[in-house]
1. Looking only at segment 209-224, count every residue that is surrounded by fewer than 16 Cβ atoms within 10 Å (Cβ to Cβ) and in a strand (DSSP E or B) and tell me the total.
2. Could you list all residues from segment 332-346 that are open to solvent by 70 Å² or more (accessible area, probe 1.4 Å) and of a type in the set (A, V, I, L, M)?
3. Please go through (1) within 18 Å of Arg415 (Cα to Cα); (2) surrounded by 17 or more Cβ atoms within 10 Å (Cβ to Cβ); (3) in contact with a Lys or Arg (Cβ under 9 Å, 6 or more places away or on another chain) for Asp329 and return the number of the only condition it doesn't satisfy.
4. Give the residues of segment 225-260 that are within 30 Å of Phe48 (Cα to Cα) and either more than 16 Å from the chain's Cα centre (by Cα) or open to solvent by 60 Å² or more (accessible area, probe 1.4 Å) (or both), sorted by residue number.
5. I need the full set of residues from segment 9-63 which are aliphatic (A, V, I, L, M) and within 29 Å of Ser215 (Cα to Cα), in order please.
6. Check Met192 against each of (1) out of contact with any Phe, Trp or Tyr (no Cβ under 7 Å at 6 or more places or on another chain); (2) open to solvent by 70 Å² or more (accessible area, probe 1.4 Å); (3) modelled with pLDDT of 90 or more; (4) of a type outside the set (D, E, K, R) and name the one condition it does not meet.
7. Would you mind stating whether Leu246 is modelled with pLDDT of 90 or more and either touching a helix residue (DSSP H, G or I) at 6+ places or on another chain (Cβ under 9 Å) or under 20 Å from Ile219 (Cβ atoms) (or both)?
8. Take Tyr350 and decide whether it is of a type in the set (Phe, Trp, Tyr), touching a strand residue (DSSP E or B) at 6+ places or on another chain (Cβ under 8 Å) and either open to solvent by less than 30 Å² (accessible area, probe 1.4 Å) or within 23 Å of Ala200 (Cα to Cα) (or both).
Amino acid sequence: FPVTIPYGNATASLRWNHVFNSRLFMNTSLVFTDYNFEVNLGQSDFNFGLYSGIRDYNGKIDFSWQPDIRNHVRFGVNYTYHRFTPNNATAEAGDVEFDFGKVERIYGNEFAVYLSDDFDVSDKFKINAGVRVSGFQQIGPFERFVKEDDRVVDTIAYSRGQNIQFYVRPEPRLAMNYIINAKSSIKAGVTMNYQYLQIANLATVSLPTDLWIPSSEKIKPQRGIQYSLGYFRNFKDNTWETSVELYYKDMRNLVEFKDGVMPSNTVNDNIDNLLTFGRGWAYGAEFFVRKSVGKTTGWLGYTLSWTQRQFDDINGGKPFFARYDRRHDVQFTLTQELSKKWTFSIIWVYSTGAALTVPVARYFIEGRVINEFGERNSYRMEPYHRMDLSLTYVHKKTDKWMSSWNFSVYNVYSRQNPYFIYFDTDGDLFKAAAGIQAAGARYSQVASYRTCGDCGCACDV
């Protein structure tokens, strides 16, 4: 079962900074990115490929202005031209190539303007308040397939640059920080965000087939409102920094593929016709400890979280955990200064495995294996963890530049973290079915089975 997953991102940027005076600063950036993702699978003489990509042209201007000692104002504008290739499938069996139609591309304009102010109400109380107005426009060329009862009844062709759908959304935010004393403080905040680019995955496929899909006339922008509250405290003359933060996030207009959808379903169809829409919520606590003074430094972060979703058309309308729900997430770093030139570092990470939807039973019907899947994302892959070591030698260091050598070992204890799960069948299915029929069992029309690796017999599941 050979699998290749080539992917990469090409990027180029140009930046110009300008200082108008001691209070006003400007940063101008032009950025190009070209992300491409591909999955190629092969089994016997059958090969299947899935391609996805995003190309962006981005320009932004950011200003930083400090009119007085109590205010720090930031404002700016941002524009991005998107070209999405959400899904392109290829398949062949021997010398036969399957036609999945032309490559679907989606084009869009995204923009934003923002204004925020860090305001010192007093020596102990600070407020950060701001608003960001964002928008997204889907434009042509594009071909819309109009469907009734899952059947295409008409098509609408949009010319290059023609407006298809336009969204504008406000994004207010407010954060407050109260300093209790020289050692501790409390922070609280609420933020509203809109996201015009969403990720959707095929729940019954554990391969990394996540697809980025933009907003359209059918896909509304995803809205998220996050509330947070944190307590921060330092110890031993600020040698140790600690914090505990609680958060809750409410999400609307989420997308998922409908049950049973496969990549080939986009032939002569739009990808947003294959989606269903719902809501979600996430909550948890983050714990953090850092030592930033001395020859031994480092930090430890731990997150305990839950991320759930609810769709009327999925899982019988019952809530389920999201694909990337992570119950536990740990990140640990330690740096030891051995001498003025040598530094040793350790990094260790751990996270709960991804949630998947897997078969709970299999049936043999008319010579084909039919899977019966369990509840959405009810199975967990093995957890992910690894340790990295590095040794750094500072070759030369001056006031203007520094050169160093770094020697690193990735995944020291060779943890074989699972990337995807696939299912295969051993034995002769036709012999197994014939054995069941000859036994006169109750599986005369539909048989639930598994095959043993040693004898190839059919066993009741």
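1. 0
2. Across segment 332-346, the qualifying residue is only Leu338.
3. It fails just one condition, (3).
4. Answer for segment 225-260, where residues must be within 30 Å of Phe48 (Cα to Cα) and either more than 16 Å from the chain's Cα centre (by Cα) or open to solvent by 60 Å² or more (accessible area, probe 1.4 Å) (or both): Lys258, Asp259, Gly260.
5. Ala10, Ala12, Leu14, Leu30, Val31, Val39, Leu50, Ile54, Ile61
6. Condition not satisfied by Met192: (2).
7. The answer is no for Leu246.
8. no
The values are calculated or read from the model by the stated rules, or taken from the named source; none is laboratory data. Small disclaimer: the values here were computed from a predicted structure and weren't measured. Every residue, glycine among them, receives a Cβ derived from its backbone with ideal geometry; neighbour counts consider all protein chains shown. Surface accessibility is based on the protein's heavy atoms, side chains included, excluding ligands, DNA and RNA. Shrake-Rupley method; radii C 1.70, N 1.55, O 1.52, S 1.80 Å.
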